[in-house]
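Following: one structure in structure tokens, then a few remarks.
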Amino acid sequence: VPQVRVDLPCGVGVSLVSQRPPEELLFLHLTGIMAEYVSTSVVETLSISVQHVQCDNQLFEAQCPVVLYVTPPSVKSSKDMQPRVLPAISLSAERIFTGRTLNCENFKYLIVTMKNLTVTIEELLLLKLFAFAGYNHLRPEQMDVNESEFEVQRLLTEVTSVHAKKYYFGTLKLEPGQVRLSVITTNKLPAQLQSIKRKLNLTLIKFEDANVDLKPFIKSHPFESGHFFIHSILKKYKDELKWQAAFILGSVDFLGSPLGLMSDVAEGVSGFIYDGNVQTLVQNVSYGISNSAAKVTESLSDGLGRITMDEQHEEKRQRIRKLHTGSSGDHLVAGFKGLGIGIMGGFTSVFKQTYEGAVNEGIQGMLSGFGKGLVGTVTKPVVGVLDLASETASAVRDSSRSAKHLTPGRFRPPRCVLGTGGLMPHYSKKQSQGQEFLYIINNQDYSELLIAYEYLRCGSDDLRVLISSERVRVFTVSSSANCCVVIETHLCDLLHCQTVSPEEESNSGVSGGGNRHYIELTMKLSDPPTSSQERIKRPRIRCDNETIAKWVSQQVNYAKKMFEQRRNTLIINGDNIFED
């Protein structure tokens, strides 16, 4: 009897990478995969189970790093349930052979079950996925396919279904379980994504942790075409979402997520009543109230921020939020910084926007700038106060966060998608970590691309090097993961890099000798030298061994060569020719 069994305990990973712009969008990781296929002369059976599933948002600017994961059971339910491990996804099917003459497939059963899942839809990622699928190249009339047109197409298919393959199921069962759904909107989108959003006529509302119960799709003895089954399944779950719109409305941010607040308070009270746990009561109530307060004040500050009519001020606010999103202390720092720029923006709003309007548009711009400045004088300090209130509530929320509200981190850092010659290299966790350090040091300038990252010295005298498309940086990392740049030079100021062996070091008269290996960076002085100073400097950095020194020197010289090549290349864009 033909039988195939596949067991992948470590699982598989699937990475979705876009070409333009080159970036990793998603990483799907499946673990504990077991599959078994058995075929006889009469039937064939297939059984597939996946123990754990997680899909990560790999965008650097992602607000939530995980798109999909299995919802952890609550403390109460995990105590009540028997200790058994169920797969996240399970599929079982049995197909009966009907011969080659019949244009149909006969299944005794097809059963698909899933655990409860947490799904976070981020607007930026969603639109980039549409762009990846080619929606930015479609005309609006090509995308405007409504339900009635689909119904006509389905009816035409059914009329001509004499030659279409049909499927019979003794039992067809799809059981998705409960979905904890969140939607995250983005304040500012690139022009290309804005165009896709308009074509799709897409409007999203920000909400968090809306519990959507999806009932099983069960059919007994159906005999229909594949198109009919797909349409029936989609229609059922569309209707399910419409019926549960009230639960989604009760979780929106501008209302403070009242259902989430009630759920947190109820869980804390039940833990106190049944277990006598005062800590659970205080923790859940504190989290619920602070979470609602943070959402309401953040929604108000974002709404008022849009009517300040000052894009630079709004971008500065959003940048502060992105840079301080870690601990409770980071939230407090972001809150006070937001208050500071709000007060300062209010004081300078009239003068700044009047001057900018006059410079850009003359008298008319000066008058409109003066009006915008008057609005900003009032709104900017109010937005600053709301930012402080929002970040303070977020700090309290994070300090009282229970295991129920903890979300998993990414399975791995986003990959480096460009390597030598512009080709995508094999995944390297080390280089991906270097890429993260690069965007921490350069304040999230994603136009700068990583070329190489290496440890120059390990141990207590930790020293590392980052080589990018723009700069060479030698830096250290403290125990608290703070980066301190020791040497930094732009590639236009760098002349070349070379290794210095112990023999060359002793010949140059430098003490230390031994088996020490160095790299020497020859670069121009950034400040104008005096008459007695040399116009170049040659700092030397010690490496652990000769192999590291040679590899780093090679990568620095490669980065310099590519920089010069890019700077002297003419790029043709349509009818325009310009120098990069």
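Suppose the filter is over 22 Å from residue 299 (Cα atoms) and not hydroxyl-bearing (Ser, Thr, Tyr); does residue 358 pass it? Yes, satisfied. Filtered by the rule that a residue be part of a helix (DSSP H, G or I), under 15 Å from the mean Cα position of the chain (by Cα) and in contact (Cβ under 8 Å) with a residue 24 or more places away in the chain, region 415-439 gives a lone residue, 439.
Residue-by-condition table, conditions (1) within 22 Å of residue 321 (Cα to Cα); (2) among the charged types (D, E, K, R):
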| position | (1), (2) |
| --- | --- |
| 345 | yes, no |
| 366 | no, no |
| 384 | yes, no |
| 387 | yes, yes |
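Sort through 330, 264, 302 and tell me the only one that's out of contact with any helix residue (DSSP H, G or I) (no Cβ under 7 Å at 6 or more places or on another chain) and open to solvent by less than 30 Å² (accessible area, probe 1.4 Å). From the options 330, 264, 302, the qualifying one is 302. Within region 401-411, at least one residue is open to solvent by less than 30 Å² (accessible area, probe 1.4 Å) and closer than 22 Å to residue 322 by Cβ.
Among all positions in region 268-284, there is at least one residue which is out of contact with any Pro (no Cβ under 8 Å at 6 or more places or on another chain) and not in a helix (DSSP H, G or I).
Restricting attention to region 267-294, the residues that are within 13 Å of residue 208 (Cα to Cα) and open to solvent by 10 Å² or more (accessible area, probe 1.4 Å) total 2. Listed by position, the strands (runs of 3 or more DSSP E) inside region 49-140 whose residues that are modelled with pLDDT under 90 and either within 26 Å of residue 173 (Cα to Cα) or among the acidic types (Asp, Glu) (or both) number at least 2 are 104-114.
If you check 170, 250, which single one turns out to be open to solvent by less than 30 Å² (accessible area, probe 1.4 Å), among the small types (Gly, Ala, Ser) and touching a Pro at 6+ places or on another chain (Cβ under 6 Å)? The match here is 250. Here residue 227 meets each of (1) under 30 Å from residue 168 (Cα atoms); (2) touching a residue at least 40 places away in the same chain (Cβ under 8 Å); (3) in contact with a strand residue (DSSP E or B) (Cβ under 7 Å, 6 or more places away or on another chain); (4) part of a helix (DSSP H, G or I) with one exception, condition (3). Does region 189-209 hold any residues that are under 20 Å from residue 252 (Cα atoms) and either part of a loop (DSSP other than H, G, I, E, B) or at pLDDT 90 or above (or both), and which are they? Within region 189-209, 202, 203, 204, 205, 206 meet the criteria. Residues of region 368-414 that are out of contact with any Lys or Arg (no Cβ under 9 Å at 6 or more places or on another chain) and in a loop (DSSP other than H, G, I, E, B): 400, 401, 402, 406, 407, 408, 409, 410, 411, 414.
The values are calculated or read from the model by the stated rules, or taken from the named source; none is laboratory data. Keep in mind it's a predicted model, so treat the numbers as computed, not measured. FYI the Cβ positions are ideal-geometry reconstructions off the backbone, even for glycines, and counts take in every protein chain you see. Just the protein is used for accessible areas: all its heavy atoms, side chains included, with ligands, DNA and RNA removed. Shrake-Rupley method; radii C 1.70, N 1.55, O 1.52, S 1.80 Å.
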